[in-house]
Amino acid sequence: MAKRWLKSAGIICIPVAVVLGSFGIGHVLMRDTDKHQIQSKYAAVLSAQAIAKKPSSTLDVKSVAPKPIIFSVLQKFQGIVTSQIQPPVKDKVIALTFDDGPAPKYTQQILEILKQQNIKATFFCVGEMVHYFPQLAKQEVAEGHVLGNHTWHHWLQKMNSEVAKNEIESTATAIFEATGVKTSLFRPPYGALNNGVADYAKKNNYAILMWSDDSEDYRRPSVSKLVNNVLREAKPGGMVLMHDGGGNRAQTVAALPKIIDALKKRGYKFVTVPQLLMQQQTAPLTTALDKLKKGA
Ligand SMILES: [Zn+2]
């Protein structure tokens with residue numbers, strides 16, 4: 001999948017270069033036409049000039065293909081299931097993840113808290129929600145968060161490969177159309193690994209990302225219980241499961257600042273899932289170098 005995207009990134013980059021290049025040529029030609037005052041023979045150039053004179057905010061964005069933003073993970077995590085990174089973990093890091101959004105109100109409130117705390121998180125988006133609330137998905141990306149695929153319908157039922165493909169690919173398309181993001185992060189709804197959807201994701205080199213720390217916010221516990229749920233299971237290299245969509249998330253919003261404060265006090269740094277996975281990459285290498293140094 002990553003290779004396919006890299007390939008598609010290349011394909012998209014070429015038209016960008018062509019479009020940008022033609023704008024450049026347009027500017028040169030525009031100066032010539034002004035100089036020689038032979039406007040009628042250069043209708044095409046003049047129309048390019050009219051576009052160029054428009055304030056940039058009114059330019060038709062579709063005329064310039066955006067470069068995709070790629071959220072990927074190391075090859076060793078592609079096509080496999082990961083719930084946390086294995087010790088030794090280089091730094092005391094933890095990843096906050098939010099599923100089932102983007103959703104009005106709660107996603108915005110969570111984004112505001114994350115912004116105040118200067119924390120980047122990972123949002124596993126439901127395709128249908130991205131379709132209805134593309135601006136929220138866009139805001140997540142604009143504010144430095146990472147997006148993952150959480151299927152279109154959030155089904156638990158058994159799916160054949162065609163349905164599974166639709167669930168994932170339609171979501172990938174919605175995410176890309178809303179944000180310009182291509183993501184190889186996938187979280188199966190309900191953590192279900194045996195209903196067919198995770199199989200499609202595996203075959204297509206998505207990283208199947210579970211969690212090690214379940215807030216159980218979907219049960220709508222009290223705020224203090226929710227905070228305790230997260231703190232009890234918190235560990236370096238862990239992934240915390242929370243929700244910004246799929247129902248009333250008022251408790252999650254209320255608990256989040258307390259969770260962040262408590263984890264900060266314990267010395268945790270907050271990272272996105274791709275950053276978290278990078279931590280495991282360095283550990284075996286360091287061990288191997290240490291062994292070499294020791295002559296082992
Ligand atoms: Zn979910």
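So Thr151 fits all but one of (1) part of a helix (DSSP H, G or I); (2) on the phi > 0 side of the Ramachandran plot; what number is the exception?
All conditions pass for Thr151, except number (1).
Within the range 135-162, can you find the residues that are open to solvent by 50 Å² or more (accessible area, probe 1.4 Å) and more than 16 Å from the ligand (Cβ to nearest atom)?
Gln135, Lys138, Gln139, Ala142, Lys158, Asn160, Ser161, Glu162
Is there a residue in the range 39-57 that is modelled with pLDDT under 95 and part of a loop (DSSP other than H, G, I, E, B)? Give the steps one after another, and end with the answer.
Filtering the range 39-57 down to residues modelled with pLDDT under 95 leaves 39-57.
With part of a loop (DSSP other than H, G, I, E, B) added as a condition, the list becomes 54-55.
The answer is yes, given that some residue of the range 39-57 is modelled with pLDDT under 95 and part of a loop (DSSP other than H, G, I, E, B).
Residue by residue, here is whether (1) within 16 Å of the ligand (Cβ to nearest atom); (2) open to solvent by 10 Å² or more (accessible area, probe 1.4 Å); (3) in contact with a His (Cβ under 8 Å, 6 or more places away or on another chain) holds:
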residue: Pro189; (1), (2), (3): yes, no, yes
residue: Met242; (1), (2), (3): yes, no, no
residue: Gln251; (1), (2), (3): no, yes, no
residue: Ile259; (1), (2), (3): no, no, no
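Need the failing condition index for Asn229 against (1) part of a helix (DSSP H, G or I); (2) within 16 Å of the ligand (Cβ to nearest atom), just the number.
Condition not satisfied by Asn229: (2).
Which one of these does Gly246 not meet: (1) open to solvent by less than 40 Å² (accessible area, probe 1.4 Å); (2) within 16 Å of the ligand (Cβ to nearest atom)?
(1)
Restricting attention to the range 167-184, and to residues there that are of a type outside the set (A, V, I, L, M) and farther than 18 Å from Ile208 by Cβ, which single residue is farthest from the chain's Cα centre (by Cα)? I'd like the intermediate steps shown before the answer.
Of the range 167-184, the ones of a type outside the set (A, V, I, L, M) are 167, 169-171, 173, 176-177, 179-180, 182-184.
Remaining after also requiring farther than 18 Å from Ile208 by Cβ: 170, 173, 176-177, 179-180.
On the way: Ser170: 15, Thr173: 13, Phe176: 10, Glu177: 13, Thr179: 9, Gly180: 10 Å.
Filtering first and then ranking leaves Ser170.
Looking at the range 117-128, which of its residues are more than 16 Å from the ligand (Cβ to nearest atom) and either hydroxyl-bearing (Ser, Thr, Tyr) or touching a Pro at 6+ places or on another chain (Cβ under 8 Å) (or both)? Before the answer, list the steps.
So the first thing to find is which residues in the range 117-128 are more than 16 Å from the ligand (Cβ to nearest atom), and the list is 117-120.
Passing the criteria: only Gln117.
Could you look through the range 209-226, keep only residues that are in a helix (DSSP H, G or I) and open to solvent by 20 Å² or more (accessible area, probe 1.4 Å), and pick out the one that is nearest to the ligand (Cβ to nearest atom)? If you could, list the steps in order and put the result at the bottom.
Looking only at the range 209-226, we keep the residues that are in a helix (DSSP H, G or I), and these are 217-219, 223-226.
If we keep only those that are open to solvent by 20 Å² or more (accessible area, probe 1.4 Å) too, we end up with 218-219, 223-225.
On the way: Tyr218: 8, Arg219: 14, Val223: 21, Ser224: 24, Lys225: 20 Å.
Out of the qualifying residues, it is Tyr218.
Kindly provide the set of residues from the range 163-175 that are among the hydrophobic types (A, V, I, L, M, F, W, C) and either open to solvent by less than 40 Å² (accessible area, probe 1.4 Å) or within 14 Å of Gly245 (Cβ to Cβ) (or both), ordered by number. If you could, list the steps in order and put the result at the bottom.
We begin by selecting, within the range 163-175, every residue among the hydrophobic types (A, V, I, L, M, F, W, C); these are 163-164, 168, 172, 174-175.
Within the range 163-175, Ala164, Ile168, Ala172, Ala174, Ile175 qualify.
So which residues in the range 104-115 are open to solvent by 10 Å² or more (accessible area, probe 1.4 Å) and either within 16 Å of the ligand (Cβ to nearest atom) or without any contact (Cβ under 8 Å) to a residue 12 or more places away in the chain (or both), if there are any at all? Break it down stepwise before answering.
Looking only at the range 104-115, we keep the residues that are open to solvent by 10 Å² or more (accessible area, probe 1.4 Å), and these are 104-106, 108-109, 112-113, 115.
Listed by number, the residues that qualify are Lys105, Tyr106, Glu112.
So the check is Cβ under 6 Å with 6+ separation or different chains; which pairs have a first residue in the range 87-99 that's on the phi < 0 side of the Ramachandran plot and outside any strand (DSSP E or B) and a second one that's open to solvent by 10 Å² or more (accessible area, probe 1.4 Å) and among the polar types (S, T, N, Q)?
Filtered contacts from the range 87-99: Val89/Gln279; Lys90/Gln279; Lys90/Thr282.
Just to be sure, is Val197 open to solvent by less than 40 Å² (accessible area, probe 1.4 Å), more than 18 Å from the chain's Cα centre (by Cα), within 13 Å of the ligand (Cβ to nearest atom) and closer than 28 Å to Lys76 by Cβ?
On the way: open to solvent by less than 40 Å² (accessible area, probe 1.4 Å): yes; more than 18 Å from the chain's Cα centre (by Cα): yes; within 13 Å of the ligand (Cβ to nearest atom): yes; closer than 28 Å to Lys76 by Cβ: yes.
Answer is yes for this residue.
Can you tell me which residues in the range 117-134 are touching a residue at least 24 places away in the same chain (Cβ under 8 Å), open to solvent by 10 Å² or more (accessible area, probe 1.4 Å) and not in a loop (DSSP other than H, G, I, E, B)?
Gln117, Glu128, Met129, His131, Pro134
The values are calculated or read from the model by the stated rules, or taken from the named source; none is laboratory data. Owing to the predicted nature of the structure, the values given are computational and were not obtained by experimental measurement. We place every Cβ from the backbone using ideal geometry, glycine too, and count neighbours over all the protein chains shown. What goes into the accessible areas is simple: the full protein's heavy atoms, side chains included, and nothing from ligands, DNA or RNA. Shrake-Rupley method; radii C 1.70, N 1.55, O 1.52, S 1.80 Å.
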